[in-house]
1. Among the numbered criteria (1) closer than 22 Å to Val86 by Cβ; (2) more than 12 Å from the ligand (Cβ to nearest atom), which single criterion is violated by Thr32?
2. Of the residues Leu197, Leu165, which single one is under 24 Å from Gly26 (Cβ atoms), at pLDDT 95 or above and surrounded by fewer than 21 Cβ atoms within 10 Å (Cβ to Cβ)?
3. Within segment 241-258, identify whether any single residue is of a type outside the set (A, V, I, L, M, F, W, C) and within 21 Å of Glu164 (Cβ to Cβ), and answer yes or no.
4. Within segment 100-113, can you find the residues that are more than 10 Å from the ligand (Cβ to nearest atom) and closer than 16 Å to Val61 by Cα?
5. Restricting to segment 92-113, what's the tally of residues that are touching a residue at least 12 places away in the same chain (Cβ under 8 Å), surrounded by 14 or more Cβ atoms within 10 Å (Cβ to Cβ) and assigned to a helix (DSSP H, G or I)?
6. Residues that are more than 15 Å from the chain's Cα centre (by Cα) and part of a helix (DSSP H, G or I): does segment 59-72 have at least one?
7. Only one of Leu182, Leu148, Leu133, Leu122 is in contact with a Ser or Thr (Cβ under 7 Å, 6 or more places away or on another chain) and aliphatic (A, V, I, L, M); which?
8. Of everything in segment 37-61 that's within 11 Å of the ligand (Cβ to nearest atom) and over 13 Å from Arg132 (Cβ atoms), which residue is surrounded by the fewest Cβ atoms within 10 Å (Cβ to Cβ)?
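The values are calculated or read from the model by the stated rules, or taken from the named source; none is laboratory data. On a predicted model such as this, the values are computed, not experimentally measured, just so you know. Glycine gets a Cβ as well: all are built from the backbone with ideal geometry, and neighbour counts include every protein chain shown.
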Amino acid sequence: MSRKFLKSEVILIMSNHNRDAEYTMGRTEEETQRLIEQSQLYDDVTRRFFLRSGIAKGMKVLDVGSGAGDVALTVAEFVGPEGNVVGVDVNPDVLKTAQARADEAGFSNVEFLAGDVRTLELPDDFDAVVGRLVLLYMADPVDALRHLATRLRPGGIVAFQDTELALYRTIIHPDTPLINQLVEWGLTVFERSGAHLNMGMELYRVFVEAGLPEPTLHFEAPMGGPEGWPGFEYLANSFRSLVPLMEAYGIATSEEVDIDTLADRIQAEVTTSKRPLLLPPHITAHTSLPA
Ligand SMILES: C[S@@+](CC[C@H](N)C(=O)[O-])C[C@H]1O[C@@H](n2cnc3c(N)ncnc32)[C@H](O)[C@@H]1O
């Protein structure tokens, strides 16, 4: 069910630049499903990332901003039954889905805690702290990482994956008016919500300013064009989650976005323009504390 924003909430969001971003995608059951869909498109990116970060059997790992639990479940596979995973999210509702999925998958070593990871009391002997698409919502990612590093044992791993939305400005092309319009709407709503559009490219600075050793970085993005590629539905569903905030900010109405036909229209434009659809690029950064 989509959620309308109260005028007072919007004024609060727009008037405070030093606070965390409003969770741009909203807090609905559809959004939880969208997170799961998103995870399937980025699953191989995240698995390659954990492999090169050194997430391994027997480790105790903290997953920051677990959402529907996909990253925590992937980590659980990496650490095996002899390791364990603690997932944290400020949204207790989404964690019910995460916990149910962990139980269903038979993981007895995955636990989810509701709270803000920057203030929640957590052990200080984790082997790794990981997070995907979470730093972009935090007012001060440097401060957050500095704090999270205190939850690690010496030699512990810090591994964060985040999106680089600002790069979308470079794909504007005269043959793709619909994509161009979506880029403009999407970037405007993220920017207005206070999210960091360039969090991917900022990861290097954030790691270094948090006092961490220089990270190893990678850049990846799913792209597609073939009929039936799930990326079309995923992008349309992302706009489904964005529409309430877009309406609240006066950026566009749901009639203008016309969600129900959006996936088909994007696919038709890709077919006509022969310009493949670029899904949000993700940048990964990992490092290890001194032993
Ligand atoms: C885009 S979702 C990503 C979920 C998951 N990491 C994934 O990739 O599927 C971001 C999540 O981070 C959570 N979050 C944002 N700030 C947080 C904080 N300070 N502490 C804990 N969770 C936070 C949000 O509630 C949201 O569920």
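1. (2)
2. Leu197
3. Scanning segment 241-258, I find at least one residue that is of a type outside the set (A, V, I, L, M, F, W, C) and within 21 Å of Glu164 (Cβ to Cβ), so the answer is yes.
4. Correct list: Ala102, Phe107, Ser108, Asn109, Val110, Glu111, Phe112.
5. Looking only at that region, the number is 7.
6. Among the residues of segment 59-72, not one is more than 15 Å from the chain's Cα centre (by Cα) and part of a helix (DSSP H, G or I), which makes the answer no.
7. Of Leu182, Leu148, Leu133, Leu122, the one residue that is in contact with a Ser or Thr (Cβ under 7 Å, 6 or more places away or on another chain) and aliphatic (A, V, I, L, M) is Leu133.
8. So, considering only residues that are within 11 Å of the ligand (Cβ to nearest atom) and over 13 Å from Arg132 (Cβ atoms), the one surrounded by the fewest Cβ atoms within 10 Å (Cβ to Cβ) is Gln40.
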